[in-house]
Amino acid sequence: MSDLRELYQEVILDHNRRPRNFRAIEGANRHAEGYNPLCGDRLSLYLKVEEGVITDASFQGSGCAISKASASMMTDSVKGKTLNEARGMFEQFHQMVTGNADPLAHPERLGKLAVFEGVRNYPARVKCASLAWHTLRSAVDAKDEVVSTEAE
Amino acid sequence: MTSIASIAAPPRAGFDVRRIREDFPILRQTVHGKPLVYLDNAATTQKPRAVLDALMAYYSEDNANVHRGVHLLSERATQAFEDARATVQRFINAASTREIVFTRNATEAVNLVAQTFGRTRLGPGDEVVISAMEHHSNIVPWQMVCEDKGASLRVIPITDEGALQLEEYERLLGSHTRLVSIVHLSNVLGTINPAQQMIATAHRHGVPVLIDGSQAAHHMTVDVQALDADFYVFTGHKLYGPTGIGVLYGKERLLEELPPYQGGGDMIKSVTFEKTTYNALPYKFEAGTPNIAGAVGLAAAVDYVTAIGMGAVTAHERDLLAYGTAALSGVPGLTLIGTAPEKASVLSFVMDGVHPHDIGTIVDREGVAIRTGHHCAQPLMQRLGIAATARASLALYNTREEIDALVAALHKVRELFT
């Protein structure tokens with residue numbers, strides 16, 4: 001069980017049990033859908049962006065503990081960040097979980113998100129951890145538009 | 001769990017699972033420091049030494065191209081390839097080797113029929129009947145040809161337990177129905193569909209039937225003549241054979257009427273730039289150099305299973321399924337998916353508050369290999385209202401102790417997630 005704890009850290013299990021920001025945002029102006037065809041996991045990401053700064057972030061959907069905790073912690077951590085800072089966080093997170101960077105080299109950049117470092121030892125689960133982040137990048141790069149419930 | 005674990009396995013004359021396990025070199029290993037418990041047999045089965053030896057012997061001693069050379073090796077390779085066809089013919093009790101077409105896999109066999117039958121027999125307003133529990137490989141090929149031809153798919157619904165609704169099936173059959181294509185044994189639910197009865201029903205309406213036997217051929221005796229199947233497809237790698245070899249059985253009369261699938265060498269009788277005449281069955285459907293070693297390996301697998309006896313295999317797996325069903329039902333928060341009265345070899349389940357992917361990762365660390373996800377049956381997942389299941393699937397070399405190992409690993413899942 002000890003090596004499993006490296007993946008399923010207490011903070012990850014906690015975010016899985018009680019995901020933060022698990023809601024739609026009234027008046028969100030960025031929205032993206034994430035889908036992992038391998039496992040059928042789906043994720044809707046909502047952002048409120050004001051003058052280039054993410055003032056609110058939330059998600060809905062279904063997925064495994066890793067993908068849910070990742071979305072939960074990501075939405076917490078991008079609030080207050082500029083769109084460019086969010087893009088940079090995507091790069092760092094992606095490099096960390098794919099094993100291409102040492103998170104301990106710059107621990108301050110990812111902060112609490114470093115708990116996902118263990119994912120790099122589980123190649124089949126990298127997509128679970130990065131689904132929310134890929135969805136974030138697509139929302140960040142999208143044109144400003146009001147999310148329409150009619151389009152759902 | 002102790003009460004279940006303490007039930008002694010009934011002795012079965014002639015079937016010694018310990019000895020059988022010794023035939024499978026891959027099963028001897030440990031993964032993550034634990035003995036490998038391989039319960040992903042619906043995805044692919046492991047290969048006995050007899051199959052590995054046959055592949056090695058073919059490439060070491062007989063390798064040449066088939067059906068062309070006059071030299072000795074080509075004659076031996078051709079003989080081995082055609083002997084393999086005869087072995088498959090006897091295995092499913094086909095009337096003739098002309099009815100056995102080698103393909104890459106079951107998917108290619110379905111596509112072959114969809115393209116050749118669909119191209120010549122489907123038109124606007126026509127219908128192909130499939131079921132709600134089909135693998136994508138028995139959905140998408142029909143969708144593609146239906147789209148081309150202006151035909152449409154009709155879907156037999158299932159009960160919540162995972163059995164086909166046969167009254168609805170009969171209602172779907174009508175003057176527009178051109179073909180029925182259904183799975184024999186569901187890869188997600190384990191349901192065994194009443195193929196013989198369903199074929200008889202379709203035939204009363206003058207409709208031919210394709211049976212997808214990918215999951216059935218290694219768990220039960222298949223007799224295509226007793227079934228009266230018009231087409232029957234299965235794959236070698238789930239039948240303890242190599243990957244890259246599959247089988248299409250088709251009634252000779254039907255195969256004769258169908259146009260070729262792919263063009264190329266071996267499928268022709270004569271070629272000029274003006275006109276090509278096609279080869280006789282089954283070569284008409286086997287363009288290009290086939291997977292000769294694959295066919296040889298498949299025949300070795302069939303011989304291996306036949307020597308053990310399909311009846312003994314079915315009985316052993318039925319015992320394991322009953323044991324596994326009872327054992328899994330005792331895991332708190334676990335729900336079995338697929339509880340049809342007639343089922344075999346598959347234990348699909350979900351657990352409260354734990355996603356199947358997490359289950360898969362955790363039990364893997366205990367050495368237990370299972371499949372998690374939608375199992376290439378997304379419409380079935382939608383029907384069941386779930387995104388995914390965890391699936392343990394059985395083969396002739398599995399034991400009660402391995403089910404116990406799965407159950408113990410699932411208790412660790414519970415421990416971690418509560």
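So which GluC sites (Glu not before Pro) in the stretch A:20-87 end up in coil per DSSP with only 15 or fewer other C-beta atoms within 10 Å?
Within the stretch A:20-87, the qualifying GluC sites (Glu not before Pro) (loop, at most 15 other Cβ atoms within 10 Å) are A:E26, A:E51.
Which FRET efficiency value, to the nearest 0.05, is calculated for B:L72 and B:D228 with the Förster distance at 51 angstrom and r the Cβ-Cβ distance? E(calc), rounded to 0.05, equals 0.75. Here the gap between B:R18 and B:R49, fully extended at 0.36 nm per residue and compared with their Cα-Cα distance, gives a gain of 9.7 nm. Both the radius of gyration and Dmax for the stretch B:22-62 are 13.0, 40 Å, in that order, over alpha-carbon atoms.
Partner shielding of A:32-43 amounts to 3, given as the average count of beta-carbon atoms from other chains within 10 Å of each residue beta-carbon.
Taking every alpha-carbon pair under 8 Å whose residues sit at least 6 apart, the stretch A:2-143 reaches a relative contact order of 27 percent.
Over chain B, with a Gaussian network built from C-alpha contacts below 10 Å, which listed residue (B:A395, B:A301, B:A64) shows the highest mean-square fluctuation? Between B:A395, B:A301, B:A64, it is B:A64 that shows the largest mean-square fluctuation. Computed from Cα atoms, the angle from the helix B:72-91 axis to the main principal axis of chain B rounds to 60 degrees.
Going by Cα centres, the stretch A:22-86 and the stretch B:127-179 are how many Å apart? Using only Cα atoms, the two centres lie 38 Å from each other. Residue-wise HN-Hα couplings along the stretch B:364-373, as the Karplus relation 6.51 cos²θ - 1.76 cosθ + 1.60 with θ = phi - 60° gives them from phi, are 4, 5, 9, x, 9, 9, 10, 9, 10, x Hz; Gly and Pro carry x.
Please check: in the Gaussian network model of chain A (C-alpha springs, under 10 Å), which one of A:L13, A:L136, A:L45 has the largest mean-square fluctuation. Most flexible of the set in this elastic network: A:L13. Largest GNM mean-square fluctuation across B:L185, B:L380, B:L258, computed for chain B with C-alpha springs under 10 Å, falls on B:L258. Let a ≥ b ≥ c be the square roots of the eigenvalues of the Cα gyration tensor of chain B; is it rounded (a/c under 1.5), or, if not, prolate (a/b larger than b/c) or oblate? Taking the square roots of the gyration eigenvalues as a ≥ b ≥ c, chain B is oblate. Loop-located trypsin sites (Lys or Arg not before Pro) in the stretch B:263-337 (DSSP state other than H, G, I, E, B) with a sparse environment of at most 10 neighbouring Cβ atoms within 10 Å: B:K275. With the biggest extent put first, the Cα atoms of the stretch A:2-143 measure 44, 32, 25 Å across the principal axes. Amide H contacts under 5 Å for B:I245: B:G236, B:H237, restricted to partners 5 or more places along the chain or on a different chain, H placed in the peptide plane at 1.01 Å from N. Measuring against 26 Å, Cα to Cα, the residue pairs B:K343/B:K412; A:K81/A:K127; A:K48/A:K112; B:K149/B:K238; B:K47/B:K251; A:K112/B:K34 contain B:K343/B:K412; B:K149/B:K238; B:K47/B:K251; A:K112/B:K34 as the ones spanning a longer distance. Pull out a ≥ b ≥ c, the square roots of the eigenvalues of the alpha-carbon gyration tensor of the stretch B:232-277, then state rounded if a/c is under 1.5, prolate if not and a/b is larger than b/c, and oblate in the remaining case. Oblate. Using the alpha carbons alone, the radius of gyration of the stretch B:321-391 stands to its Kirkwood radius in an Rg to Rh ratio of 0.94. The coefficient of translational diffusion for the stretch B:196-268, derived via Stokes-Einstein from the alpha carbon Kirkwood radius under 4 °C and 1.567 mPa s, stands at 94 µm²/s. Any idea what diffusion coefficient the protein assembly as shown gets from Stokes-Einstein, in µm²/s, Kirkwood Rh on alpha carbon pairs, 37 °C, 0.692 mPa s? Diffusion coefficient, whole number: 126 µm²/s.
Read-outs throughout are calculated quantities, based only on the coordinates presented, and are distinct from any laboratory measurement. The shown structure was predicted, so the numbers you read here are calculated from the model rather than taken from an experiment. FYI the Cβ positions are ideal-geometry reconstructions off the backbone, even for glycines, and counts take in every protein chain you see.
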